[in-house]
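**Student:** The structure under discussion is supplied below as structure tokens; questions concerning it will follow.
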Amino acid sequence: MLLHKYLSKLDFSSYEDIIENYRVNIPENFNFAYDVVDEYARTEPDKVAIVWCDESGAEATFTFAQLKEYSDKTANFFKSVGIKRGDPVMLVLKRRYEFWFCILALHKLGAVTIPATHLLTQKDYVYRFNAADIKMIVCVPDPEVLKHVEDAQSKCPSLKHKALICDSKDGWIDFTKSVDEASNVFDRPQGELASQNNDISLLYFTSGTTGMPKMVQHDYVYPLGHIYTARYWQNVIDGGLHLTVADTGWAKAVWGKIYGQWLAGSAVFVYDFDKFVAKDLLAVISRHKVTTFCAPPTIYRFFIKEDLTKLDLSALKYCVVAGEPLNPEVFTQFYNATGIQLKEAFGQTELTVVLSTTKWTEAKPGSMGKPSPGYDIDILDENGNSCQIGEEGQIVIRTDKIKPAGMFGGYYRDEALTNKVWHDDIYYTGDLAWRDEDGYFWFVGRADDVIKSSGYRIGPFEVESALLEHPAVLECAITAVPDEVRGQIVKATVVLAKSYTPSKELIKELQEHVKNVTAPYKYPRVIEFVEELPKTISGKIRRVEIRETDETKK
Ligand code: ATP
Ligand code: MG
């Protein structure tokens, strides 16, 4: 198995064993496209790499031999328009399989891939094209996307080429035709044109949960950081079928739809949908016999409202969750319905999996798990001292002894911001947590979201979890509202479950409920009912937006 090349030891017997003995061997000039994909094409050409389907029922399967061929053709196409090592190319391809041809082709050329969501507007494109001097863009045939890109182009001198898949239009290169006509022989570049381990392979914009998205840069070694993600956290199966729910515009897609999964031998399952419908996604998982599954908490919050007992989920062996805190209630309900314990992880676009619950460690509902091998993690108080057990502080990563494979190289062209979060060999995650006596980490909130009321510090996550235990609550967000007497007070913005309607009595009932299940001073003094919570394009709750809206209402 290919993993042997990169790990000194493959099977571990316990959490302690993996922490002590997990070592990633990093070859010189590692290039995922040649050293993994083409290597499979050589040794196991018929091994399935991607199983793809969309809402209309279209299906496609790609083996590694086919991926080598298509990525070689695509690399020849990019080369023909002048793309070479170091050139930034943006991909707005949703979950179309051309995304995989393109990212592999760009890796082969040593270029910089910038995946982005199709929901960007003209202003977003202008910002991104200029921030990264983007030379070329490849898009889905979505009229909105094309219009925004065209409107942005005159303000973006670096943008030289626009290509369009599955369609043709004036001013746009016909990607599908050009790739079709390109040669299927592409030789690995040598010398100056070959990618180096330190070259930038990917630029990601973060989710923008707290403010403007930041450009995170990853190098050519980054894929090896995701061996742990796939093999030991997601527990993908060699020969199995793994589904991570994520648009290709977010880093979560490379956590779950390419690198680690293929290194560990699992095929990647792609369901190309426009609107998330829990019932449909569950049916697809059942029909295609997905073996391992990864999604953010919001997906599971909707799953547990469906009748899971009616579905055949017998192929599904392992389910994991990350991206936002998972409320214990969701864990419990999912477990009761499926018998599967959700295994949580904590990470960032800047990092890989930093904390997780593994197959060797029992999940503690509400906890993010324990540190990953290779990461030197601590919790620091405001004075920079290590916190005691039970004491809240900021999660940090110490990089004085090792820089983990997969950790970012800084924010692109923003040294000031990089130095702000990463100095004196300590990287500050901006997230608050505490550690229990067994070494498990418990999320409190983002540093910016923590509420200070009458001298108490209140983490939004705990109150949100308490509220979610009430059957009337589908989703909720806890934020601070300025208050003359208490400094800040706790506000809950609540989306009600079907069959509940807002009322004064319900407000009282929810307040009493929180007082009963958690320390009474944390109860929300203000409750607002809404149809929908403000979220990032990647589906995370934007508490900052609720606070800003409250400000303007004053
Ligand atoms: P931005 O940095 O632009 O505000 P973002 O931080 O949401 O956006 P991502 O890199 O996608 O961008 O998300 C990482 C963040 O998600 C973490 O810093 C943390 O706040 C949150 N997160 C991830 N996993 C978990 C988890 N298991 N529990 C709690 N929070 C989590
Ligand atoms: Mg962030």
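The values are calculated or read from the model by the stated rules, or taken from the named source; none is laboratory data. Fair warning: this is a prediction, and the values are worked out from it, not measured in the lab. Because the Cβ atoms are built from the backbone with ideal geometry, glycine has one as well, and the counts that use them run over all protein chains shown. Ligands, DNA and RNA are excluded from the accessible area calculation, which covers all protein heavy atoms including side chains. Shrake-Rupley method; radii C 1.70, N 1.55, O 1.52, S 1.80 Å.
**Student:** Hand me the trypsin sites (Lys or Arg not before Pro) from region 400-473 located in a DSSP loop with no more than 14 other Cβ atoms within 10 Å, in residue order please.
**Tutor:** LYS401, ARG413
**Student:** Report the Cα centroid-to-centroid distance between region 120-141 and region 172-187 in angstrom, as an integer.
**Tutor:** 22 Å
**Student:** Could I ask something else about it? Modelling each spin label as a point 7 Å along the Cα-to-Cβ direction, I'd like the VAL495/ASP312 distance in nm, to one decimal.
**Tutor:** Roughly 3.2 nm, to one decimal.
**Student:** Another one. Carbon and sulfur: what percent of the chain's accessible surface (1.4 Å probe)?
**Tutor:** The nonpolar share, carbon plus sulfur, comes to 49 percent.
**Student:** Still on this structure, I have one more. Can you run phi through the Karplus equation (6.51, -1.76, 1.60; θ = phi - 60°) for region 291-297 and list ³J(HN,Hα) in whole Hz, with x for Gly and Pro?
**Tutor:** 3J(HN,Hα) across region 291-297, in whole Hz: 9, 9, 9, 9, 7, x, x.
**Student:** Hey, another quick one. When the chain is fully extended, how far beyond the present Cα-Cα distance does GLU532 get from LYS84, taking 0.36 nm per residue of separation?
**Tutor:** 156.8 nm
**Student:** Indicate the gyration tensor shape class of region 212-299 (rounded, prolate or oblate), computed on the Cα atoms with a ≥ b ≥ c the square roots of the eigenvalues: a/c under 1.5 is rounded; otherwise a/b larger than b/c is prolate and the rest oblate.
**Tutor:** It is oblate, given that a/c is not under 1.5 and a/b is not larger than b/c.
**Student:** ³J(HN,Hα) across region 154-162 via Karplus (A = 6.51, B = -1.76, C = 1.60, θ = phi - 60°), whole Hz, x for Gly/Pro?
**Tutor:** For region 154-162, the Karplus-derived couplings read 5, 8, 10, x, 6, 6, 9, 10, 10 Hz, x marking Gly and Pro.
**Student:** Further question: Rounded to the nearest 5, what % of the DSSP beta bridges within region 36-172 are antiparallel ones?
**Tutor:** Taking every DSSP beta bridge with both residues in region 36-172, the antiparallel ones total about 30 percent.
**Student:** Using only alpha carbon pairs under 8 Å that are at least six residues apart, calculate the relative contact order of the chain and give it in whole percent.
**Tutor:** For the chain, the relative contact order is 11 percent.
**Student:** Further question: To the nearest 20 debye, what charge dipole does the chain have about its Cα centre, counting +1 at the Cβ of each Lys and Arg and -1 at the Cβ of each Asp and Glu?
**Tutor:** Roughly 500 debye, rounded to the nearest 20.
**Student:** Relative to the longest principal Cα axis of the chain, at what angle does helix 278-287 sit, 0 to 90 degrees, rounded to 10?
**Tutor:** 50 degrees
**Student:** On to the next question. Counting only the backbone N, which residues of region 100-144 are under 14 Å from the spot 7 Å out from the Cα of ASP151 toward its beta-carbon?
**Tutor:** Those under the cut-off are 119-127, 143-144.
**Student:** Project the alpha carbons of the chain onto their principal axes and report the range along each, largest first, in whole Å.
**Tutor:** For the chain, the Cα spread along each principal axis is 69, 54, 54 Å.
**Student:** Another one. What is the extension gain from ASP381 to ASN336, computed as 0.36 nm multiplied by their sequence separation minus the C-alpha to C-alpha distance, in nm to one decimal?
**Tutor:** 12.4 nm
**Student:** Quick one: go through region 185-205 and flag any residue whose amide nitrogen is under 17 Å from the point 7 Å out along the Cα-to-Cβ line of ILE26.
**Tutor:** Only 195-203 pass the distance filter.
**Student:** Now for a different question. Of the cross-linked pairs LYS94/LYS177; LYS343/LYS540; LYS108/LYS257; LYS155/LYS540; LYS79/LYS123; LYS9/LYS403, which ones have a Cα-Cα span greater than 22 Å in the structure shown?
**Tutor:** Checking Cα-Cα distances, LYS155/LYS540; LYS79/LYS123 exceed 22 Å.
**Student:** Now, a different point. Antiparallel versus total DSSP beta bridges in the chain: what percent is that, nearest 5?
**Tutor:** Bridges in the chain are about 60 percent antiparallel.
**Student:** Further, regarding this structure: Could you tell me the center-to-center distance, by alpha carbons, between region 40-67 and region 432-507 in angstrom?
**Tutor:** When both Cα centres are located, 44 Å separates them.
**Student:** Further, regarding this structure: Mind checking which of PRO520, TYR34, PRO143 is farthest towards the positive end of the chain's charge dipole, using Cβ charges of +1 (Lys, Arg) and -1 (Asp, Glu) about the Cα centre?
**Tutor:** Value computed over the given set: PRO143.
**Student:** To continue, here is another question. At 1.4 Å probe size, with no ligands or nucleic acids counted, give the accessible surface of ASP238 in Å², nearest ten.
**Tutor:** Solvent-accessible area, nearest 10 Å²: 80 Å².
**Student:** Taking the Cα centre of region 449-553 as origin, sum charge times position over the Cβ atoms of Lys and Arg (+1) and Asp and Glu (-1), and report the length of that vector in debye to the nearest 20.
**Tutor:** 220 debye
**Student:** To continue, here is another question. What does the C-alpha gyration tensor say about the overall shape of region 363-409? Classify as rounded when a/c is under 1.5, otherwise prolate if a/b is larger than b/c, or oblate.
**Tutor:** It comes out oblate by the Cα gyration axes.
**Student:** Determine, from the Cβ-Cβ distance of SER8 and GLU192 and an R0 of 41 Å, the FRET efficiency 1/(1 + (r/R0)^6), rounded to the nearest 0.05.
**Tutor:** 0.80
**Student:** Could you compute how much accessible surface ARG231 exposes when probed at 1.4 Å, giving the result in Å² to the nearest 10?
**Tutor:** Surface open to solvent at ARG231 totals about 40 Å².
**Student:** Next question, about the same structure. Classify region 63-219 as rounded, prolate or oblate, taking a ≥ b ≥ c as the square roots of the eigenvalues of its Cα gyration tensor: rounded when a/c is under 1.5, otherwise prolate if a/b is larger than b/c and oblate if not.
**Tutor:** Oblate shape, in that a/c is at least 1.5 and b/c is the bigger or equal ratio.
**Student:** Rank ARG128, ARG287 by accessible area, highest first, at a 1.4 Å probe radius?
**Tutor:** Largest to smallest exposure gives the sequence ARG287, ARG128.
**Student:** So, one more: Once you have the Cα-Cα distance between ALA60 and VAL284, take 0.36 nm times their residue separation minus that, and quote the gain in nm to one decimal.
**Tutor:** Full extension from ALA60 to VAL284 adds 79.2 nm.
**Student:** In nm, to one decimal, how far is the ASN419 label point from the VAL277 one, both placed 7 Å along Cα→Cβ?
**Tutor:** Inter-label distance under the simple model: 5.3 nm.
**Student:** Also: How many nm separate the modelled label positions at THR552 and ASP17, each set 7 Å beyond the Cα in the direction of the Cβ?
**Tutor:** 5.6 nm
**Student:** For a protection proxy built on the mean count of beta-carbon atoms within 10 angstrom, sort 325-335, 532-542 highest first, please.
**Tutor:** Result, highest mean Cβ count within 10 Å first: 325-335, 532-542.
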